[in-house]
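The values are calculated or read from the model by the stated rules, or taken from the named source; none is laboratory data. These numbers were taken from a predicted model, which means no experiment stands behind them. Cβ coordinates were reconstructed from backbone atoms using ideal geometry, including for glycine residues, and neighbour counts include every protein chain displayed. These area figures cover heavy atoms from the full protein model, side chains too; ligands, DNA and RNA do not enter into them. Shrake-Rupley method; radii C 1.70, N 1.55, O 1.52, S 1.80 Å.
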Amino acid sequence: MNESAVFWSRLLTELTLTFHIIYATIGVGVPLMIMIAQWVGLKKNDEHYILLARRITRGFVITVAVGVVTGTAIGLQLSLLWPNFMQLAGQVIALPLFMETFAFFFEAIFLGIYLYTWDRFDNQKKHMLLLVPVAIGASISAVFITIVNSFMNTPQGFEVVSGQLVNIQPLVAMFNPSMPTKVAHVLASAYMTSAFLLASIAAYRLLRGSNHPYYKKSLFLMMKMGLIFSIATAVIGDFSGKFLAEYQPEKLAAAEWHFETEEAAPLILMGFMDEEQNIKFAIEIPYLLSILAYGNPMAEVTGLNDFPEDEIPPLYIHYLFNLMVLIGTAMILVSVLYVAGVWRGWGFIHRPWFRWVTVLGGPLTIIAIEAGWWLAEVGRQPWILRGYMRTAEGATTSDQVDLMFILFCILYLVLGIGSVVVLRRMYRLNPIEREIEDRMAEMKGVGR
Amino acid sequence: MSLEVLGIIVLWIFLFGYVIVASIDFGAGFFNAYSLLTGRSHILSNIIQRYLSPVWEVTNVFLVFFFVGIVGFFPKTAFYYGTVLLVPVSIAIILLAIRGSYYAFESYGSRGHKGYAFAYGVSGLLIPSSLSVVLTISEGGFVEIVDGSPVLDYWALFTSPLTWSIVLLSIASVLYISAVFLTWYAWKAQDLNASELMRKYALTWSGPLMLMAAAIIIQMQEHNPDRFRNMISIWPMFGVSAILFLLTVWLLWKKRGLGLSVGLLILQFLFAFFAYGISHYPYLLYPYLTIYEGFTNQEMAIALVIAFIAGLCLLIPSLYLIFRLFVFNKEYVTGNQKDFHA
């Protein structure tokens, strides 16, 4: 084993995933939002929504490009950095990885067609139909990849007989216990994040002096979507807690700082832990952990002290868990206030301070996504394949990982800055006011 | 046919697909940059842009498909190749990432930066170079097993003439394939200036291509006699490839049947690629790993084959659709159509 290679492999994987997940989340969620915008536009016969779909698509292509290339990077890094893990796990879980390439292939083809056929069809609905395979392909890709990750948490579908994997059942491996909650949580949170990101852009434009109805419609539509999917994410999150209590109790216990196995366990919210593991400034809510874990206030929840010390994940995942939940809850609140406010005519939702909160919501949900993934990955430690292979055993023995880490840092910096600059320039050079004028002129031209 | 052989054939077909579509893409980028240098950009850039825009992402998927597939069918390749290829493949990923995303930035975002066009052109040659090193390593002689882990001998690799011959062959192939394809594509777009220029490039690169191919076969004799004997034993396939090559060049020379010449070109590479693949059999990494030792279990193999067939049923109609809309659509290719870009 090569200690430094293990360290750098972990760091590089974390770096790639942290960067990739931003673009991947947008890649999964935004096609659905485009489809909804275009559909609303066709249904209401409102050009604004159709333009919204069209303008999001343009930006989406840029984020997809970065998502594709960083996805290629992580796909190869799995083998480059974790060759021992892939050699083992590949025998059982290669199927969803393989199917993901098909889903992605399918998506890529139709995105190319969709992008280059605006107004090519007389019937706009036909054009919208081309987006269906894009949205499905994007979501199914996420499903397959998340299945691989869920397998790492709750591996099944094989037996180990004298060091050899036998009796392998690829489908059983795919439909492992953590798969339903994980897949649902990833999808719902991707839709939620995409909706809040787009809402955040609309709110920003409104703050910056534009008073165009286009942005108001966009903001309202995306807040509605955000509301639906943030509630869905929270409900599924609750199921995830119950799943963890059953199948990965050490992960739940570490995330909740739950040390002693007890009945009627309280939930520890926030707080800090010093080096002697004393918890300070925490809010303790009686019975809540038992409810979260088993839906029963008196249920017994296993604590960290019941696990071998070298099988407990790092305790800092508590902070990640809190960050994720806090942001998610806040966003439900923000979107409820906004949607209810529009229906009931509350004035404050149009005030600058509330707009700023909405603007903040975009980056915050991205942070929640990051926190959630760090929680999921760090919470599985010390395992790379829970119960079968430790992370250190899976890593490469190659000596050049540190150098590669630096190269990839530069790469992601270039891609991150490049994509932001290009996106900003794209929309600045073609503001909505001008595009609507052009559009009107064009349509008159056709009518004449 | 055994599942092992079926698996490797499927993967080899996809790798072949990648070699062809990626070569067109890489070469186009290079010619674009080169024509900028020599002040003839107006001739080429239009035609190249038209071809690349809708399909660039599809190109990338062929590669992803290959490496995901090979780890699926042959999980031991992850151990052997994953360990030794860290550096060359990481470099290839970084180049591919910059190239791919900046292509999108440029064509969908803002246009017309010269430095970018050069970077794009140069990366188009560097990527095949770094990827072709994988084939060189597979020939054996550069990997040692130390304490149970494979270790790459960089010094031996970079001082071997074989390495550099294969790098040069990959560059020559990229430029030749791309030039022949674009000759036809430009001709179809009724852009005769561009077609004529590409025809010249195609003829220019045909010589180096054959030279490098011959050089490699000769070097194999010394580098790995075992593999050399295998290559000689299937000489008829290499022979067919050579004849197809001569026919393509002849058609180009006579400016006749440009569409046919693209077909012959693909067949030429298909024969050579499969002849090489067959001569490599049964080794994935000489002499450590064969397709039989490296193969996954029966259940997974069957599942992968079923997934593959189901996937193809989905993909082939979609690929047909995108090619019909953009590559083989006369209106689109000639630019007579309105711009329907979002």
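Structure values in brief
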{"read-out": "Subset of the stretch A:29-55 [touching a Leu at 6+ places or on another chain (Cβ under 8 Å), open to solvent by 20 Å² or more (accessible area, probe 1.4 Å) and within 17 Å of A:GLU107 (Cβ to Cβ)]", "value": "A:MET35"}
{"read-out": "Selected residue [open to solvent by 20 Å² or more (accessible area, probe 1.4 Å) and either within 30 Å of A:ASN84 (Cα to Cα) or in contact with a Lys or Arg (Cβ under 8 Å, 6 or more places away or on another chain) (or both)] from A:ILE410, A:ILE417", "value": "A:ILE410"}
{"read-out": "Selected residue (only one of A:ASN305, A:ASN322 is surrounded by fewer than 17 Cβ atoms within 10 Å (Cβ to Cβ) and not in a loop (DSSP other than H, G, I, E, B))", "value": "A:ASN305"}
{"read-out": "Candidates A:VAL401, A:VAL422 - the one that is more than 16 Å from B:VAL87 (Cβ to Cβ) and within 8 Å of chain B (Cβ to nearest Cβ)", "value": "A:VAL422"}
{"read-out": "B:ILE145 outside any helix (DSSP H, G or I) and within 13 Å of chain A (Cβ to nearest Cβ)", "value": "yes"}
{"read-out": "Matching residues, the stretch B:65-98, being more than 8 Å from chain A (Cβ to nearest Cβ), within 17 Å of A:MET404 (Cβ to Cβ) and open to solvent by 10 Å² or more (accessible area, probe 1.4 Å)", "value": "B:PRO88, B:LEU95"}
{"read-out": "Residues (at the interface with another protein chain (Cβ under 8 Å from one of its Cβ atoms) and modelled with pLDDT of 85 or more) located in the stretch A:119-133", "value": "A:PRO133"}
{"read-out": "Neighbours by Cβ (under 9 Å, 6+ apart or cross-chain): first from the stretch A:1-30, under 30 Å from A:PRO133 (Cβ atoms); second in a helix (DSSP H, G or I) and charged (D, E, K, R)", "value": "A:LEU17/A:GLU377; A:THR18/A:GLU370; A:ILE21/A:GLU370; A:ILE22/A:GLU370; A:GLY27/A:GLU107"}
{"read-out": "Test: residue in the stretch A:287-296 that is crowded, with 18+ Cβ neighbours inside 10 Å, in a loop (DSSP other than H, G, I, E, B), hydrophobic (A, V, I, L, M, F, W, C) and at pLDDT below 90", "value": "no"}
{"read-out": "Exclusive hit being open to solvent by 30 Å² or more (accessible area, probe 1.4 Å) and under 24 Å from A:PRO431 (Cβ atoms), set A:LYS242, A:LYS216, A:LYS224", "value": "A:LYS216"}
{"read-out": "Criterion violated by A:TYR388 - all others in (1) open to solvent by 50 Å² or more (accessible area, probe 1.4 Å); (2) within 24 Å of A:SER230 (Cα to Cα) satisfied", "value": "(2)"}
{"read-out": "Cross-chain or 6+ apart pairs with Cβ under 7 Å, the stretch A:61-83 first and over 25 Å from B:TYR80 (Cβ atoms) and facing another protein chain (nearest Cβ under 7 Å), then of a type in the set (Asp, Glu) and part of a helix (DSSP H, G or I)", "value": "A:VAL68/B:GLU57"}
{"read-out": "Failed criterion for A:LEU97 (all others in (1) touching a residue at least 60 places away in the same chain (Cβ under 8 Å); (2) open to solvent by 20 Å² or more (accessible area, probe 1.4 Å) hold)", "value": "(1)"}
{"read-out": "From B:SER178, B:SER149, B:SER123, B:SER170, residue being closer than 26 Å to B:GLN221 by Cα and either among the hydroxyl-bearing types (Ser, Thr, Tyr) or in contact with a strand residue (DSSP E or B) (Cβ under 9 Å, 6 or more places away or on another chain) (or both)", "value": "B:SER170"}
{"read-out": "Residue check, A:ALA371 open to solvent by less than 20 Å² (accessible area, probe 1.4 Å) and assigned by TED's automatic domain parsing to the domain that holds A:ALA253", "value": "yes"}
{"read-out": "Helices (runs of 4 or more DSSP H) completely within the stretch B:185-279 that count 1 or more residues being in contact with a Leu (Cβ under 6 Å, 6 or more places away or on another chain) and small (Gly, Ala, Ser)", "value": "B:192-223"}
{"read-out": "Meets criteria (more than 13 Å from the chain's Cα centre (by Cα) and either assigned to a helix (DSSP H, G or I) or within 29 Å of B:PHE118 (Cβ to Cβ) (or both)) for B:PHE30", "value": "yes"}
{"read-out": "Cβ-Cβ under 6 Å pairs, at least 6 apart or on other chains, the stretch A:297-325 side at pLDDT below 90, far side open to solvent by 20 Å² or more (accessible area, probe 1.4 Å) and assigned to a helix (DSSP H, G or I)", "value": "A:PRO297/A:ILE291; A:THR302/A:PRO249"}
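Residue by residue, here is whether (1) at pLDDT below 90; (2) crowded, with 24+ Cβ neighbours inside 10 Å; (3) in contact with a strand residue (DSSP E or B) (Cβ under 8 Å, 6 or more places away or on another chain); (4) assigned by TED's automatic domain parsing to the domain that holds A:GLU370 holds:
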| residue | (1), (2), (3), (4) |
| --- | --- |
| A:THR117 | yes, no, no, no |
| A:ALA135 | no, no, no, no |
| A:PHE144 | no, no, no, no |
| A:SER162 | yes, no, no, no |
| A:VAL186 | no, yes, no, no |
| A:TYR191 | no, yes, no, no |
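A quick yes/no check of all residues on (1) within 11 Å of chain B (Cβ to nearest Cβ); (2) touching an Asp or Glu at 6+ places or on another chain (Cβ under 9 Å); (3) aromatic (Phe, Trp, Tyr):
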position: A:PRO363; (1), (2), (3): no, no, no
position: A:TRP373; (1), (2), (3): no, no, yes
position: A:THR391; (1), (2), (3): no, no, no
position: A:THR396; (1), (2), (3): yes, no, no
position: A:LEU415; (1), (2), (3): yes, no, no
position: A:GLY418; (1), (2), (3): yes, no, no
position: A:MET426; (1), (2), (3): yes, no, no
position: A:LEU429; (1), (2), (3): yes, no, no
